[in-house]
Every structure is written in C-alpha cells, then in structure tokens.
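Single-structure report; data block below.
The values are calculated or read from the model by the stated rules, or taken from the named source; none is laboratory data. Please read these numbers as outputs of a predicted model, since none were measured by experiment. When we count neighbours, we look across all protein chains shown, and the Cβ atoms used for this are built from the backbone with ideal geometry, even at glycine. Surface areas here come from the heavy atoms of the whole protein model, side chains and all, with no ligands, DNA or RNA. Shrake-Rupley method; radii C 1.70, N 1.55, O 1.52, S 1.80 Å.
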Amino acid sequence: MTETVASLLATDNFYLILLGATIAGLVRGFAGFGTAMVFLPIASQVVPPFWALTIMVVMDVIGPLPTVPRALRDGHPRDVLRLSAGLLVGLPIGVGLLSLMAPEVFRYAVSLIALMLLAALIAGLRYRGTLTRPLIYGTGAIGGVLGGSSGLAGPPVIMLYMASTHPAKVIRANLMLFLICADIAMLAIFALTGFITLTPVLLGLITAVPYLLANVVGAAIFKPEYEKPYRIAAYAIIAGSAITGLPLWDA
C-alpha cells in the first residue's frame, strides 16, 4: 500500500490531482459548489472511479471546515437536514450503480452531467415553483442517486436553490453544508459496502491540504455584490475541466 502511494506521488499524474484539488477548492470557496464538477473529470483520468470518489470526499470533508461557521449563520440548517435525509435514501442506489460501471463510462457520466448542469444554469433553466418539504426531500434523494453513481450529488440541489428567492449567501451556505453532509454519507456507505481502501484515503488526506488552503482563499474573496463575475469564472473552470476529462481525448 505504501509503495502504491509512493509510486503515485512520484509521478506527474499526482501533480494533476493536486492541481485539480486546488482549482476545485477555489471554486468551492467562493461559489459554495463545484468541487466534483472540477475535480472528478481530472482525477478520473489518473485513478479508478472509487479511488477518485474517495479522494474527493476525504478532502472535501476537511477542506470547507473553516467556512462551516459562516455557512451555519447564513444558511437554513433545517432544509439542509431535509436534503440530507433524502440523500441517505438515494445514495445506496447510486453506489450500487457505480459498482457496475466501467471506468470509461464513469468518466463520460461525470463530464456529461457537469456539462448538462452548466448548460442548464447558463440557459437560465430553473424550477419556478414553491420549495415544499416533499420537494426538498425528493431533491435530496435524487442527489443521493447521482452522488453515489457519479459523485455529483449537487446538481439537483443547485438547480432547486437557484430557482428560489433566497439571497446568494443563503444559497451558497445551504449548498456548502449539504455537500459536506453528502461527503460524510458517501464515506460511510463506501466503508459499509467494502469499496473504501486505505490508499485513496491517504491520498485524500494529502490533497486536502492544498484544497483547504484554496477554500480559504476562495471564501475570502467572495463578496455577494460581486457574485456575477465569480459565477462566470466558476462556470468557465467547470466547463474546461469537464471537457478535458472526456475519454475521447485519450487517443
């Protein structure tokens, strides 16, 4: 195991993972989301699907911790709990699907889901109805299926909250708290189903350092009054990561 970690650390591939973690941390820090959409298309070029997901959830549990107190003040924790309850229902289904998925299919799924979400956000596609409790629970469950199968638990929740009348700081805070809950739940599911191994956990702890620092920087430069340019930058980074992560470039 230690030889596997050492060999990966000694290759250029690990620097690609570190770069992905740093960029993802910056995006997550100021946008409140985007880690999976930035990191997974990059990491899945280097390591198998379950490794990529494990590295991401380990670093993503640690990285945003300095921003949690602010998120708890700005957000609506009760809604986050409802989303998380739904997540727990859908997550095992998603993990089961992932266990049947080839690595190449996983990479296509991650990149295409990220690009579809990005296109929907840019086009202004939104849910315009009332955010009822059943809708919040159901959205969390859909996020669980997507999170377990592709690591992208955020897209349904992002689409839901972007449609709401909540101010930007509330949306950002709720997304950040929900994604932390999703990461913890995914780690637990991986452990219970036997898909988690020590090597990607150690790699996740290592990548958590630049990711955490980038989160702090991203959160520090977030200003609600300048939300639009930040969002444009996040969209551009997500698009670039998703496109370069498509397996068709391997040839």
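Stretching A119 away from L131 to a fully extended chain increases their span by 2.1 nm, per 0.36 nm per residue minus the current alpha-carbon distance. Helix 49-62 axis versus longest C-alpha principal axis of the chain: approximately 60°, rounded to the nearest ten. The overall shape of the stretch 15-113 is oblate: from the C-alpha gyration tensor, with semi-axes ordered a ≥ b ≥ c, the ratio a/c is 1.5 or greater and a/b is no larger than b/c.
Is the stretch 76-136 rounded, prolate or oblate when judged by the Cα gyration tensor, a ≥ b ≥ c being the square roots of its eigenvalues, rounded requiring a/c under 1.5 and prolate requiring a/b larger than b/c? It comes out oblate by the Cα gyration axes.
What does the extension gain come out to for L65 and L192, with contour length at 0.36 nm per residue minus their alpha carbon separation?
On the way: separation 127, 0.36 × 127 = 45.72 nm, distance 2.43 nm.
Separation in residues times 0.36 nm, less the Cα-Cα distance, equals 43.3 nm.
Largest mean-square fluctuation among L26, L152, L187, in a Gaussian network model of the chain whose springs join Cα atoms under 10 Å apart, belongs to L187.
Treating only the Cβ atoms of Lys and Arg (+1) and Asp and Glu (-1) as charged, compute the dipole magnitude of the chain about its Cα centre; round to the nearest 20 debye. Mind showing how you got there, number by number?
Values: 14 positive and 10 negative charges, 199 e Å.
It works out to roughly 960 debye.
Taking label points 7 Å from Cα along the Cα-to-Cβ direction, I232 and I93 give a separation of 3.9 nm. For mean projected area of the Cα convex hull in nm², the value computed from the atomic coordinates appears in the list (i) 17.4; (ii) 14.7; (iii) 12.4 under label (iii). Over the stretch 32-156, accessible surface divided per residue gives 40 Å², non-protein components excluded, 1.4 Å probe.
Between the residues Y137, P48, A109, the greatest Cα displacement towards the positive end of the dipole of the chain, with unit charges on the Cβ of Lys, Arg, Asp and Glu, is found for Y137.
Shape of the stretch 102-192 from its Cα gyration tensor (a ≥ b ≥ c, root eigenvalues): rounded if a/c is under 1.5, otherwise prolate when a/b > b/c, or oblate?
Because a/c hits 1.5 or more and a/b fails to exceed b/c, the stretch 102-192 counts as oblate.
With θ taken as phi - 60° and the Karplus curve 6.51 cos²θ - 1.76 cosθ + 1.60 applied, the whole-hertz 3J(HN,Hα) list for the stretch 22-32 is 5, 5, 4, x, 4, 5, 5, x, 9, 9, x Hz, x standing for glycine and proline.
Between R28, R107, R78, which gets the highest mean-square fluctuation from a Gaussian network model of the chain, Cα cutoff 10 Å? Comparing R28, R107, R78 in the GNM, the peak value goes to R78. Explain nothing, just the number: relative contact order of the chain, from Cα pairs under 8 Å at least 6 residues apart, as a whole percent. Over the chain, the number comes to 40 percent.
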